[in-house]
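Following: one structure in structure tokens, then a few remarks.
All of the numbers you see were taken from the coordinates with simple rules; none came from a lab. Source: prediction; values computed, not measured. As a convention, Cβ positions derive from the backbone with ideal geometry for all residues, glycine included, and neighbour counts pool all protein chains shown.
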Amino acid sequence: MQDLEYFKQKLMTRKDDLTKRINAIDQDIKHEDMSSNWTEQATERENDEVLESLGNASEQELLMINHALKRIESGQYFSCSMCGEDIPPSRLELLPFSSYCVNCAGKEHN
Ligand SMILES: [Zn+2]
């Protein structure tokens, strides 16, 4: 039996980090209407775009983590969503939110 609890813990920790990061980014974006100077506003707008894309990447990862947690609940965590083969724990160690085995993840990109 593979260590489901270990991966669940790993995902929960990551989920916590991401949630905090997303909240921090939201705060940053909201706090910026204060400046009176146009140049500063333009600079802040650029910062916002960077922050927003960071936020989007974090939200994407958060979605995948939530998906992985559901797969843990339903006992599917160690099977590939596409072919049903076992996903090796060494892969899950690197990509704990992965739903596919190496073969299928490769195919997806083609
Ligand atoms: Zn597969």
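Structure notes:
- Relative to its residue count, the chain spans a Cα convex hull of 105 Å³ per residue.
- Under 16 Å from the Cα of residue 15 - lysines, other chains or at least 8 residues apart: 70
- Principal-axis analysis of the Cα atoms of the chain puts helix 38-73 at an angle of about 20° to the longest axis.
- Each Lys and Arg adds +1 at its Cβ and each Asp and Glu adds -1 at its Cβ; summed about the Cα centre, the chain shows a dipole of about 640 debye.
- Acute angle (nearest 10 degrees) that the helix 4-30 long axis makes with the longest principal axis of the chain, alpha-carbon atoms: 10
- Amide H contacts of residue 79 (H built 1.01 Å from N, under 5 Å, at least 5 apart or other chain): 87
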